[in-house]
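Below is one structure; the comments refer to it alone.
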Amino acid sequence: MSKLEVKNLHVAVVDEDKGQEKEILKGVNLTMNTGEIHAIMGPNGTGKSTLSQAIMGNPAYKVTEGDVLLNGKSILELPVDERARAGLFLAMQYPAEIAGVTNVEFMRAAINARRADDDQIPVLEFMKFLDKNLATLDMTDDMVERYLNEGFSGGEKKRNEILQLMMIQPKFAILDEIDSGLDIDALKVVSKGVNAMRGPEFGSLIITHYQRLLNYIVPDTVHVMMDGRIVESGGPELAEKLEAEGYAGVRDDLGIDVKLTDEI
């Protein structure tokens, strides 16, 4: 079993308009183990995506206090590639397009980067595993020969992120709004891929606005995030409460003094 811990994490970014740092995360605490699926829900602008970027080590997000630990060891000094090699994976809300690198080249290189030089994945083993995962996601062979995300629709990019997840087999996957822009059929397929990963050696932190995704990927724990902190945690029923009452209702129940971005 592996463990990912976020301890009293404070993160700031530079406000380009004002030319000064702005604190986004204000003391996030979170612990999850492999074998668990956690979901983070919250209104816009509350720091959900900032948390994912900080865990993965995006240098644009400055950790000013606290720590992120993987199996008891701080990873704050590790660059992004070393965090990935250690077993972290981020499925981004807006995946980048990379011309000149095919999907199949990228995935094989990513798998081999986590293996010893004398234990690179054999081509036949890789292709069999790839065919199996393509079938799970209803993806065609030609998609893996295309340049990474180039010319892909929004739904294709999301499927491609989940294909990479299934091929790389990380310890922990952070899925940042993978349901954004998906119709119901694509949502079911993407969820099928994530559910295929569930097991004692895999954990996932799912960031979403909507309870709909959690109908298909049922989490063990749901966290509510507001004003840069996790303010409530519970089981799957908490997502249903959010769907029924909205974030304003939960905020008022908890007595939190914060203005939501969609309030006038």
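Taking the stretch 6-41 as the region of interest, how many residues are acidic (Asp, Glu) and free of Cβ contacts under 8 Å to residues at least 24 places away in the same chain?
Total meeting the criteria: 3.
With the checklist (1) farther than 15 Å from residue 46 by Cα; (2) in contact (Cβ under 8 Å) with a residue 24 or more places away in the chain in hand, flag the one item residue 209 doesn't pass.
Residue 209 satisfies every listed condition except (1).
Can you find, within the stretch 98-124, the residue that is nearest to residue 4 (Cα to Cα) among those that are among the charged types (D, E, K, R) and loosely packed, with under 12 Cβ neighbours inside 10 Å?
The qualifying residue nearest to residue 4 (Cα to Cα) is 115.
Go through 129, 152 for me and flag whichever is more than 30 Å from residue 68 (Cα to Cα) and either touching a Gly at 6+ places or on another chain (Cβ under 8 Å) or part of a loop (DSSP other than H, G, I, E, B) (or both).
Result: 152 is the single residue among 129, 152 that is more than 30 Å from residue 68 (Cα to Cα) and either touching a Gly at 6+ places or on another chain (Cβ under 8 Å) or part of a loop (DSSP other than H, G, I, E, B) (or both).
Which condition breaks for residue 12 when tested against (1) within 16 Å of the chain's Cα centre (by Cα); (2) assigned to a strand (DSSP E or B); (3) of a type in the set (Gly, Ala, Ser)?
Every condition holds for residue 12 apart from (1).
Can you find even one residue in the stretch 125-133 that is in contact with a Leu (Cβ under 9 Å, 6 or more places away or on another chain), farther than 30 Å from residue 183 by Cβ and surrounded by 14 or more Cβ atoms within 10 Å (Cβ to Cβ)?
Checked against the condition, which is being in contact with a Leu (Cβ under 9 Å, 6 or more places away or on another chain), farther than 30 Å from residue 183 by Cβ and surrounded by 14 or more Cβ atoms within 10 Å (Cβ to Cβ), the stretch 125-133 yields no hits at all.
Which fully enclosed strands (runs of 3 or more DSSP E) of the stretch 156-264 have 3 or more residues being surrounded by 22 or more Cβ atoms within 10 Å (Cβ to Cβ), touching a Gly at 6+ places or on another chain (Cβ under 8 Å) and not hydroxyl-bearing (Ser, Thr, Tyr)?
Answer list for the stretch 156-264: 221-226.
Here is a yes/no grid of residues against (1) touching a helix residue (DSSP H, G or I) at 6+ places or on another chain (Cβ under 7 Å); (2) touching a residue at least 60 places away in the same chain (Cβ under 8 Å); (3) basic (Lys, Arg):
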| residue | (1), (2), (3) |
| --- | --- |
| 174 | yes, yes, no |
| 182 | yes, no, no |
| 195 | no, no, no |
| 201 | no, yes, no |
| 219 | no, yes, no |
| 226 | yes, yes, no |
| 233 | no, no, no |
| 252 | no, no, no |
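Surrounded by fewer than 17 Cβ atoms within 10 Å (Cβ to Cβ), farther than 24 Å from residue 178 by Cα and at pLDDT 90 or above, is that true of residue 58?
No.
Kindly provide the set of residues from the stretch 18-37 that are out of contact with any Pro (no Cβ under 7 Å at 6 or more places or on another chain), open to solvent by less than 50 Å² (accessible area, probe 1.4 Å) and among the β-branched types (Val, Ile, Thr), ordered by number.
24, 28
The values are calculated or read from the model by the stated rules, or taken from the named source; none is laboratory data. The structure presented is a predicted model; accordingly, all values stated were derived computationally and were not measured. Positions of Cβ are backbone-derived with ideal geometry, glycine not excepted, and every protein chain shown enters the neighbour counts. Only protein heavy atoms, including side chains, enter the accessible area calculation; ligands, DNA and RNA are left aside. Shrake-Rupley method; radii C 1.70, N 1.55, O 1.52, S 1.80 Å.
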